[in-house]
Amino acid sequence: MGTPMSTRDAPPPYAVDAQDLGVRYNLRLTRQTTVRTSFRNLLKRSDGPTHFWALRNVSFRVVHGESLAIIGPNGAGKSTLLQVLAGIIRPNEGSVDVIGHVSSLLTLGAGFDPDLSGRDNIRLAGAFLGIHHREMEERLPGIVDFADLGDFIDASIKTYSSGMRARLGFSIATAVDPDVLIIDEVLSTGDAVFRAKSKKRIVELTKAAKGIVLVTHDMTWVTEFCNRAILLEGGRIVLEGAPADVVKLHQERSERSRIAREEELARRVAAVDKPSEATG
Amino acid sequence: MSTPTPARPIRVARRLSSREFIAEGFREIWSRRRLARYLVRADLHKHGADTFLGNVWWLLDPLLQMVVYVVLVSVIARVSKPDYPLFVFCAILPWKWFSTAVNDGISSVTSRERIIKQVKFPTIVLPVSATLSGVVNFVFGFIPLVALILLFFPHRQFATILLIPFVAVVQFVFSLAIAMFVAATNVFFRDIANVARHGLRLWFYLSPALYELSDVSERSQTLGTLMALNPWTPLFESYRAVIYEGTMPSWGPLAVLLAVSLVMLALATLYFKRLEPAFAKVL
């Protein structure tokens with residue numbers, strides 16, 4: 001106390017501090033349960049695992065100004081991790097501290113109401129995100145401008161193509177200036193022109209935000225724009241480190257698993273073929 | 001080894017007490033009233049704009065329903081009451097609001113599955129807006145009501161009709177509590193809608209909507225006492241008193257119902273808030 005700390009000892013200003021995260025899913029409570037199925041589940045106690053850990057023992061920190069990429073195969077728990085950081089899912093184990101205002105750009109256009117116009121959907125999205133309506137009205141022209149939908153902005157969303165929806169979603173999601181930005185695979189939306197525009201926007205946000213956590217399958221993005229990367233597999237961290245190293249390991253491992261899958265397939269095909277040869 | 005100064009945690013692991021949960025729920029509703037407003041507007045837009053006659057259906061629907069019940073009761077069951085169409089209309093109007101609030105409340109959370117999994121926002125706003133959209137519908141219902149009185153029952157013009165808001169407030173609190181309860185439950189048991197469809201119909205016929213409480217209590221005292229416990233008994237009787245009979249609503253039972261509804265609302269808020277963290281995972 002009171003002793004001046006040298007810069008080396010000073011606690012780094014964390015934007016995100018995740019300690020020993022664990023998220024467990026109750027398989028009995030999966031979607032579309034009815035009273036009947038849940039009674040049946042109560043009676044049949046012993047069929048298979050009841051729980052599934054989507055994330056386990058995940059710890060990491062994001063320092064101010066840092067951009068962290070989460071990569072990994074499908075079902076590795078990447079999206080679950082982002083949901084935890086965004087505060088949508090509460091972890092069953094461990095803790096997450098996110099300092100400042102978080103903005104999550106998870107799947108774009110999630111809250112769109114197909115019957116409302118593009119303009120009204122911008123207002124609705126702002127209300128969902130908890131942005132004050134006056135602030136939203138101020139941002140509205142900018143969002144409309146960036147989405148560049150022409151007269152369609154006043155037509156109902158159900159007349160939009162999927163690319164137009166994505167453009168509007170991206171424009172809304174990036175119109176906020178958050179302290180911590182959470183991005184889930186939003187870099188590949190729209191046509192080439194819009195993609196270039198959105199890439200530029202993300203880079204600007206990256207510079208402005210205190211911290212970024214993003215999930216992407218675009219490995220060049222990871223190596224170009226991220227300071228650090230985490231490889232997630234089966235809900236656990238396999239490697240954390242420099243983007244180039246992590247991407248390399250990820251590519252090696254996915255290549256290996258692809259070969260393994262192909263060998264397995266070949267083996268099965270052979271097993272099916274053999275008896276037919278014998279009979280034929 | 002120096003431990004870093006603990007960052008100010010946003011998500012606290014500590015469990016809130018029941019009272020804190022309820023307070024938080026109400027705070028969230030108030031702070032997100034703008035969202036509720038947009039959702040109500042979107043809902044109205046959906047129900048009005050896309051049909052051939054638009055909002056005209058809102059006026060026709062209760063009238064057509066009234067015709068059905070009048071035919072059913074006065075022609076088939078041969079029960080005669082003076083100005084029976086108006087008698088029935090007094091019940092149809094508030095009941096439509098209630099059944100819409102319950103039915104829309106049931107799907108209010110599950111139909112917003114996608115945004116719940118993508119954005120952190122207080123989902124408690126959803127059943128609130130479902131209940132609120134019914135208010136607009138209810139208010140629209142006064143157009144055919146007033147028309148009915150002026151054109152066919154001019155001798156039933158009473159100033160007591162202005163007391164409707166007092167009855168409606170009690171109904172609102174009661175409906176909101178039910179809507180919150182079913183909204184959260186439907187996430188875990190998706191067949192609540194089937195139960196509600198039949199449950200609501202049964203409830204309507206068991207309540208003094210098409211008949212009076214006195215019709216029952218004259219025949220059986222115990223049945224009459226049991227019916228007095230039905231929350232819809234004071235509501236229907238009060239609506240009818242102020243619109244059809246031109247008398248004061250039954251203030252006593254209404255006050256009791258308001259007190260009970262407020263307790264129910266607090267419990268429903270608690271129930272909703274306790275289950276809310278699981279929504280994103282289960283949906």
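Take the conditions assigned to a loop (DSSP other than H, G, I, E, B), outside the structural domain of A:His250 (by TED's automatic domain parsing) and under 30 Å from A:Ala147 (Cβ atoms) and apply them to A:Phe112. Does it pass?
It is true that A:Phe112 is assigned to a loop (DSSP other than H, G, I, E, B), outside the structural domain of A:His250 (by TED's automatic domain parsing) and under 30 Å from A:Ala147 (Cβ atoms).
Among the residues of region A:193-238, count how many are of a type in the set (S, T, N, Q) and farther than 22 Å from A:Val176 by Cα.
Number of matching residues: 3.
For region B:99-147, give me each residue that is outside any helix (DSSP H, G or I), farther than 13 Å from B:Ala179 by Cβ and β-branched (Val, Ile, Thr).
Matches in region B:99-147: B:Val119 only.
So A:Glu135 clears everything in (1) modelled with pLDDT of 85 or more; (2) buried (at least 22 other Cβ atoms within 10 Å of the Cβ) except one condition, right? Which one?
For A:Glu135, the exception is condition (2).
Inspect all residues belonging to region B:255-269 and state whether any of them is more than 25 Å from B:Leu163 (Cα to Cα), surrounded by fewer than 15 Cβ atoms within 10 Å (Cβ to Cβ), without any contact (Cβ under 8 Å) to a residue 24 or more places away in the chain and aliphatic (A, V, I, L, M).
Scanning region B:255-269, I find no residue that is more than 25 Å from B:Leu163 (Cα to Cα), surrounded by fewer than 15 Cβ atoms within 10 Å (Cβ to Cβ), without any contact (Cβ under 8 Å) to a residue 24 or more places away in the chain and aliphatic (A, V, I, L, M), so the answer is no.
Residue by residue through region B:187-214, note down the ones that are crowded, with 22+ Cβ neighbours inside 10 Å and either within 14 Å of another protein chain (Cβ to nearest Cβ) or within 16 Å of the chain's Cα centre (by Cα) (or both).
Answer for region B:187-214, where residues must be crowded, with 22+ Cβ neighbours inside 10 Å and either within 14 Å of another protein chain (Cβ to nearest Cβ) or within 16 Å of the chain's Cα centre (by Cα) (or both): B:Val187, B:Ile192, B:Ala209.
With respect to A:Asn92, determine if the residue is modelled with pLDDT of 75 or more and either within 11 Å of another protein chain (Cβ to nearest Cβ) or buried (at least 16 other Cβ atoms within 10 Å of the Cβ) (or both).
Answer is yes for this residue.
Could you list, in sequence order, the residues of region A:183-227 that are under 18 Å from A:Asn74 (Cα atoms), assigned to a strand (DSSP E or B) and of a type in the set (Val, Ile, Thr)?
Within region A:183-227, A:Ile183, A:Val213, A:Val215 meet the criteria.
Select, from B:Leu35, B:Leu16, the only residue that is at pLDDT 90 or above and not basic (Lys, Arg). Show your work before the answer.
Values: B:Leu16 fails: at pLDDT 90 or above.
Among B:Leu35, B:Leu16, only B:Leu35 is at pLDDT 90 or above and not basic (Lys, Arg).
Answer with yes or no whether B:Ala42 is in a helix (DSSP H, G or I), at the interface with chain A (Cβ under 10 Å from one of its Cβ atoms), without any contact (Cβ under 8 Å) to a residue 40 or more places away in the chain and among the small types (Gly, Ala, Ser).
So B:Ala42 fits the description; yes.
Which residue is nearest to B:Phe26 (Cα to Cα), if the candidates are limited to region B:270-281 and must be buried (at least 17 other Cβ atoms within 10 Å of the Cβ), within 12 Å of chain A (Cβ to nearest Cβ) and touching a residue at least 40 places away in the same chain (Cβ under 8 Å)?
B:Glu276
Please count how many residues of region B:70-84 are in a helix (DSSP H, G or I) and either of a type in the set (A, V, I, L, M) or over 12 Å from B:Tyr211 (Cα atoms) (or both).
Here the count works out to 6.
Scan (1) crowded, with 18+ Cβ neighbours inside 10 Å; (2) touching a helix residue (DSSP H, G or I) at 6+ places or on another chain (Cβ under 6 Å) for the single condition B:Asn103 breaks and write down its number.
Failed condition: (2).
Is there any pair linking a residue in region B:84-99 that is closer than 21 Å to B:His155 by Cα and touching a residue at least 24 places away in the same chain (Cβ under 8 Å) to one that is surrounded by 23 or more Cβ atoms within 10 Å (Cβ to Cβ) and among the hydroxyl-bearing types (Ser, Thr, Tyr), with Cβ under 6 Å and at least six apart or on different chains, and which?
Hits for this filter: B:Leu86/B:Tyr244; B:Phe87/B:Tyr244; B:Cys90/B:Tyr239; B:Cys90/B:Tyr244.
Got at least one residue in region A:99-114 being crowded, with 20+ Cβ neighbours inside 10 Å, facing another protein chain (nearest Cβ under 9 Å) and hydroxyl-bearing (Ser, Thr, Tyr)?
Yes, there is a match, as at least one residue in region A:99-114 is crowded, with 20+ Cβ neighbours inside 10 Å, facing another protein chain (nearest Cβ under 9 Å) and hydroxyl-bearing (Ser, Thr, Tyr).
Looking at (1) surrounded by fewer than 21 Cβ atoms within 10 Å (Cβ to Cβ); (2) out of contact with any Asp or Glu (no Cβ under 8 Å at 6 or more places or on another chain); (3) at the interface with chain B (Cβ under 10 Å from one of its Cβ atoms), which one does A:Ser156 not meet, given that it meets all the others?
Going through (1) surrounded by fewer than 21 Cβ atoms within 10 Å (Cβ to Cβ); (2) out of contact with any Asp or Glu (no Cβ under 8 Å at 6 or more places or on another chain); (3) at the interface with chain B (Cβ under 10 Å from one of its Cβ atoms) one by one, A:Ser156 breaks only (2).
Among the helices (runs of 4 or more DSSP H) confined wholly to region B:215-283, which include 3 or more residues that are closer than 30 Å to B:Ile22 by Cα and within 20 Å of the chain's Cα centre (by Cα)?
B:232-240, B:251-282
The values are calculated or read from the model by the stated rules, or taken from the named source; none is laboratory data. Predicted model only: the values in this text are computed from it and were never measured. As a convention, Cβ positions derive from the backbone with ideal geometry for all residues, glycine included, and neighbour counts pool all protein chains shown.
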